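Here is the structure we will look at.
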Amino acid sequence: MAINWFPGHMNSTRNAINERMRAGLDVVIEMLDARIPGSSANPLLAQLTEGKPTLKLLNKQDLADPERTALWMAHYNALPDTRAIALDASIKAPAQALIKACRELAPLRGGMVKPVRVLICGIPNVGKSTLINTLASKRAAKTGDEPGITKIEQKIVLAEDFYLFDTPGMLWPRIAIEESGYNLAASGAIGRNAFEEDEVALELLDYLRVHYPAQLIERYKLGDISGLNDEELLTAIGRKRGAMLSGGRVNLQKAAEVLIYEFRQCILGRITLETPDEFKQWAAKAEAAEAARKAKADARKARRKGSGVREASSGSAPEAETEDEASED
């Protein structure tokens, strides 16, 4: 799915991260959505903060499938210089664990002379501001349920020798993994003007019908759904939820909005839209597609360049070209 969601303040965020790296940084906290851990990991952030120890925070774990959260925790904890914590940002005790984890990732830092300097980043609407307010025990950052609440870098002193630098949520200019685009839209990370709800809802249903059919059947009081395609299933959901138009027709747009809302609010139950293995396969497919696209573009460029050379040769020395052709015969 094509996503066009890179507002100007996100470019400012990228510049702010570069500035923070130059000023000195010990640990990077990347806050992820536990429902879509792979899709919510920013590849641009990985490039900007390369070489720094990383703490992966799987936020909203209370909305995610606990078995799949365990898989993602094991995946991230197996990576070098990486720790993972699953939490609900509104709960104080688990949130405090990140301070301990950051100190373990930067054992040579600490004390007033060498305070631990931590940068916290994440995609829009992932819950950073709520977490920071919880950690600081005060409303240190604005919160909201719309992407892009935080607009400027903030410094929060969580302890005398522990500085946390917050930045606005940032996506990346081009989402190459198609499944990630849909998952980010379904989770609420992308502003609603950047995607079509019905398209996202159909992709969401395509996944849920395979991996979480019982939740769909129970919530919408459906019978056997195995014989329905995605649009028929969305139609059935719309009919059950009263998303009707005149003449007994179902309002698919309204049905899509209902489905996405109820997924986000965990009304359907605790759901995770990807596993580490699935995301690895999606990424490999996207990488192959990107390589094919680049090869095609390079070939087209080479043909244009070769055509230009031949045309130039033809215009400047036609006799020489004719002689060459004759000698080859």
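The values are calculated or read from the model by the stated rules, or taken from the named source; none is laboratory data. This one's a predicted model, so the numbers in the text were calculated from it and none came from an experiment. All Cβ positions, even for glycine, are placed from backbone atoms using ideal geometry, and neighbour counts span all protein chains on display. Accessible surface is based on the protein model in full, side chains and every heavy atom, while ligands, DNA and RNA are left aside. Shrake-Rupley method; radii C 1.70, N 1.55, O 1.52, S 1.80 Å.
Within the span defined as the stretch 126-137, every residue fails to be modelled with pLDDT of 90 or more and either among the polar types (S, T, N, Q) or not in a loop (DSSP other than H, G, I, E, B) (or both).
Among residues of the stretch 91-119 that are on the phi > 0 side of the Ramachandran plot and of a type outside the set (Asp, Glu), those with a beta-carbon under 7 Å from a residue that is surrounded by fewer than 17 Cβ atoms within 10 Å (Cβ to Cβ) and assigned to a loop (DSSP other than H, G, I, E, B) at least six positions away or on a different chain give the pairs 110/161; 111/161.
Just one of the listed residues (280, 294) is closer than 25 Å to residue 63 by Cα, outside any loop (DSSP other than H, G, I, E, B) and under 30 Å from the mean Cα position of the chain (by Cα), and it is 280.
Residue 286 - would you say it is of a type in the set (A, V, I, L, M) and more than 24 Å from the chain's Cα centre (by Cα)? In short, no.
Residues are listed down the side, and each one gets a yes or a no for (1) in contact (Cβ under 8 Å) with a residue 24 or more places away in the chain; (2) among the aliphatic types (A, V, I, L, M); (3) buried (at least 23 other Cβ atoms within 10 Å of the Cβ); (4) closer than 25 Å to residue 238 by Cβ:
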| residue | (1), (2), (3), (4) |
| --- | --- |
| 165 | yes, no, no, no |
| 172 | yes, no, no, no |
| 179 | yes, no, yes, yes |
| 183 | yes, no, yes, yes |
| 192 | no, no, no, yes |
| 196 | no, no, no, yes |
| 206 | yes, no, no, yes |
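Checked against (1) out of contact with any strand residue (DSSP E or B) (no Cβ under 7 Å at 6 or more places or on another chain); (2) modelled with pLDDT of 95 or more; (3) outside any loop (DSSP other than H, G, I, E, B), residue 271 passes all but a single condition, namely (3). Take the residues in the stretch 274-305 that are among the acidic types (Asp, Glu) and at pLDDT 90 or above; name whichever of them is least open to solvent (accessible area, probe 1.4 Å). Checked the stretch 274-305; the qualifying residue least open to solvent (accessible area, probe 1.4 Å) is 274.
Annotation note: of 253, 215, the sole residue that is surrounded by 13 or more Cβ atoms within 10 Å (Cβ to Cβ) and under 18 Å from residue 185 (Cβ atoms) is 253.
Rundown of residues vs (1) without any contact (Cβ under 8 Å) to a residue 12 or more places away in the chain; (2) in contact with a strand residue (DSSP E or B) (Cβ under 8 Å, 6 or more places away or on another chain), yes/no style:
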residue	(1), (2)
44	no, no
50	yes, no
54	no, yes
67	yes, no
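Among the residues here, residue 31 qualifies as under 23 Å from residue 107 (Cβ atoms) and under 12 Å from the mean Cα position of the chain (by Cα).
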